[in-house]
Amino acid sequence: KQIAIFASGSGSNAEKIAEYLTNIPDVETTLILSNNPKAGVIDRARRLHIPVLLFDRTTFYESNQVTRLLQAQKIDLIVLAGFMWLMPSELVQAFPDRIVNIHPALLPKFGGKGMYGHFVHEAVVAAGETESGITIHYVNEHYDEGQIIFQASCPVAPTDSPEDVARHVQKLEHEHYPRIVAELVAAM
Ligand code: GRF
């Protein structure tokens with residue numbers, strides 16, 4: 001089975017997933033894709049010897065080159081790991097129930113446009129939440145509204161800063177996302 005990982009930033013999740021899958025027979029991370037030529041994920045991919053594909057908005061939204069390439073590479077599962085753009089509907093339609101994402105909060109709370117990356121943790125702290133966590137879900141055309149696959153939570157102490165929450169949540173991401181991806185691929 002072959003997976004492709006989309007990332008826009010540091011790529012720590014992408015790295016953890018790719019590393020985890022190297023120990024699983026018949027599953028490989030074929031490609032890492034990014035919309036950000038400065039993304040840290042590019043260096044991580046290079047160290048992991050995984051090809052990187054960079055694209056801009058025009059390519060991503062005004063052509064179906066990315067979709068066609070993923071189909072040509074026979075990608076079985078598309079994994080979003082800190083990817084900051086909405087997936088084009090033609091790509092979502094070409095890979096029904098084959099695109100998953102991780103959101104750094106307990107959806108349906110703190111989801112939707114603008115609620116990504118650090119903003120989520122600020123909102124969680126501002127709301128006085130006593131817990132936060134991760135949500136791994138299928139991707140459809142409306143950001144964070146796809147079917148939920150897995151959630152894990154962590155406590156938020158009154159003294160926690162957004163940075164503290166981010167650290168606790170990222171630990172959950174690294175602990176669970178690789179395994180969930182492997183389980184999804186094994187079940188195909
Ligand atoms: C993670 O917090 C993820 O939940 C969010 O963006 C961040 C990506 O981190 N979508 P990294 O690029 O995988 O280190």
Is the stretch 1-91 best put as rounded, prolate or oblate by its Cα gyration tensor, with a ≥ b ≥ c the root eigenvalues, rounded for a/c under 1.5, and otherwise prolate when a/b is larger than b/c, oblate when not? oblate
Among the DSSP beta bridges whose two residues both lie in the chain, what percent are antiparallel, rounded to the nearest 5? 40 percent
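Considering only protein heavy atoms, with the full assembly of protein chains and a 1.4 angstrom probe, order 168, 49, 103 by accessible area, largest first.
Order by accessible area, largest first: 49, 168, 103.
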In this structure, among 1/171; 16/109; 109/171, pairs with alpha-carbon gaps over 24 Å are 1/171; 16/109
Karplus (6.51, -1.76, 1.60) ³J(HN,Hα), θ = phi - 60°, over the stretch 155-169, in Hz, Gly and Pro reported as x: x, 10, 7, x, 8, 5, 8, x, 5, 5, 4, 4, 5, 5, 5
Among 62, 145, 131, the residue with the largest mean-square fluctuation in a Gaussian network model of the chain built from Cα contacts under 10 Å is 62
Sorted by accessible surface (1.4 Å probe, heavy atoms of the protein chains only), largest first, 58, 29 come out as 58, 29
Within the stretch 16-45, report the trypsin sites (Lys or Arg not before Pro) that DSSP leaves as loop and that have at most 12 other Cβ atoms within 10 Å. 38
Please check: in the Gaussian network model of the chain (C-alpha springs, under 10 Å), which one of 21, 69, 172 has the largest mean-square fluctuation. 69
What's log10 of I(q)/I(0) for the stretch 122-188 at q = 0.13, 0.25 Å⁻¹, Debye sum over Cα points only, no solvent? -0.43, -1.08
Please state the relative contact order of the chain as a whole percent: Cα pairs under 8 Å, 6+ residues apart? 22 percent
How big, in percent, is the set of alpha carbon pairs in the chain lying more than 26 Å apart? 27 percent
Contact order normalised by length for the stretch 105-173, with contacts defined as Cα pairs under 8 Å and 6 or more residues apart; what percent is it? 36 percent
For the stretch 66-129, state the semi-axes of the equivalent ellipsoid (square roots of 5 times the eigenvalues of the alpha-carbon gyration tensor), sorted largest first and rounded to whole angstrom. 30, 10, 9
Using Stokes-Einstein with the Kirkwood hydrodynamic radius over Cα pairs, what translational diffusion coefficient do you get for the stretch 19-64 at 10 °C and a viscosity of 1.306 mPa s, in µm²/s rounded to a whole number? 133 µm²/s
Taking the Cα centre of the stretch 38-175 as origin, work out the dipole magnitude from +1 charges on Lys and Arg Cβ and -1 charges on Asp and Glu Cβ, in debye rounded to 20. 560 debye
Positive-end residue of 165, 140, 25, charge dipole of the chain with Cβ unit charges: 25
Spelling it out for residue 99: with amide H atoms placed in the peptide plane at 1.01 Å from N, the residues 5 or more places away or on another chain with amide H under 5 Å from its amide H are 78, 139
For 119, 150, 6, give me the order by solvent-accessible area with a 1.4 Å probe, most accessible first, ignoring ligands, DNA and RNA. 119, 150, 6
Part-to-part distance (alpha-carbon centres) for the stretch 90-168 and the stretch 54-87, which is given in Å: 21 Å
With a 1.4 Å probe and all protein chains kept in place, how much accessible area does residue 43 have, in Å² rounded to the nearest 10? 80 Å²
Sequence-distant residues sharing a close amide H with residue 33 (under 5 Å, placed H): 5, 6, 7, 53
Once you have the Cα-Cα distance between residue 157 and residue 49, take 0.36 nm times their residue separation minus that, and quote the gain in nm to one decimal. 34.9 nm
What's the local net charge at residue 178, with K and R +1, D and E -1, over the other residues with C-beta under 11 Å away? -3
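The values are calculated or read from the model by the stated rules, or taken from the named source; none is laboratory data. This one's a predicted model, so the numbers in the text were calculated from it and none came from an experiment. Note: ideal-geometry Cβ built from the backbone for every residue, glycine included; neighbour counts use all protein chains shown. Remember, those area values only see protein heavy atoms, side chains included, never the ligands or the DNA or RNA. Shrake-Rupley method; radii C 1.70, N 1.55, O 1.52, S 1.80 Å.
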